[in-house]
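Have a look at the structure below, then the notes.
The values are calculated or read from the model by the stated rules, or taken from the named source; none is laboratory data. The structure presented is a predicted model; accordingly, all values stated were derived computationally and were not measured. Methodologically, a virtual Cβ is constructed for each residue, glycine included, from the backbone with ideal geometry; neighbour enumeration extends over all protein chains shown.
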């Protein structure tokens, strides 16, 4: 019989916060949900930026032992979403679309050398976040004042790189699959043309570049390791945890020991 005083193992669910983007693990705390969130349920979660609404993709009961020390206490499930939460999120999406159109028009009118990528409304309504790319520093102070006056909320401008933009917007690679950065990659590892040469690939830039215009992240997947072993690739989101390859060549079968 389990000791009720002993610490309970952490439970996780994998959640998508937007249609485009990778699944993220969130901690289930306590028993105040009435029932555990099931795949397809809409829930309210706590993130580093505040509360957000997402959809449960799957339960992840087997990661607790391996990732307990890596769990971020800020990322937890708050509750099952109510009808009011769902309606509020729909209104936020409409406001995001309105804010994007308004900001895009103002950027063009002011001739600012920046490309607006996406607008995000924080669930509690405290601020609007505008993501953009630019080749150089941009003075957007007047733009921020105009946006704040129009939407009556705090405005936050975030400059991102072209690889981050691809992750935010999503898309499909030349392989026909969703972009790796929007599905399972948690960070961008360095990629060089030398990796293509080591694999005897054609050095045609159009074939080696992804939607972001940079070298494809997947050039690392079958790169031989120090032992000369070739990594088998991570074709699914549940593949190897090491984006640069573990060198066993058995990630696809789940026997490399690095599966999530």
Could you say whether any residue in the stretch 206-226 is modelled with pLDDT under 50 and either in a loop (DSSP other than H, G, I, E, B) or surrounded by 17 or more Cβ atoms within 10 Å (Cβ to Cβ) (or both)? yes
Exactly one condition in (1) under 27 Å from residue 190 (Cα atoms); (2) crowded, with 17+ Cβ neighbours inside 10 Å is not met by residue 129; state its number. (1)
Quick one: residue 148 ticks every box in (1) over 16 Å from the mean Cα position of the chain (by Cα); (2) over 30 Å from residue 105 (Cβ atoms); (3) surrounded by fewer than 18 Cβ atoms within 10 Å (Cβ to Cβ) bar one, so which box is it? (2)
Being buried (at least 17 other Cβ atoms within 10 Å of the Cβ), in contact with a strand residue (DSSP E or B) (Cβ under 8 Å, 6 or more places away or on another chain) and in contact (Cβ under 8 Å) with a residue 12 or more places away in the chain: is that true of residue 112 here? no
Per the filter on the stretch 192-205, residues surrounded by 11 or more Cβ atoms within 10 Å (Cβ to Cβ) and part of a helix (DSSP H, G or I) are 193, 195, 196, 198
Taking the stated definitions as given, is residue 235 at pLDDT 85 or above, surrounded by fewer than 17 Cβ atoms within 10 Å (Cβ to Cβ), part of a loop (DSSP other than H, G, I, E, B) and out of contact with any helix residue (DSSP H, G or I) (no Cβ under 9 Å at 6 or more places or on another chain)? no
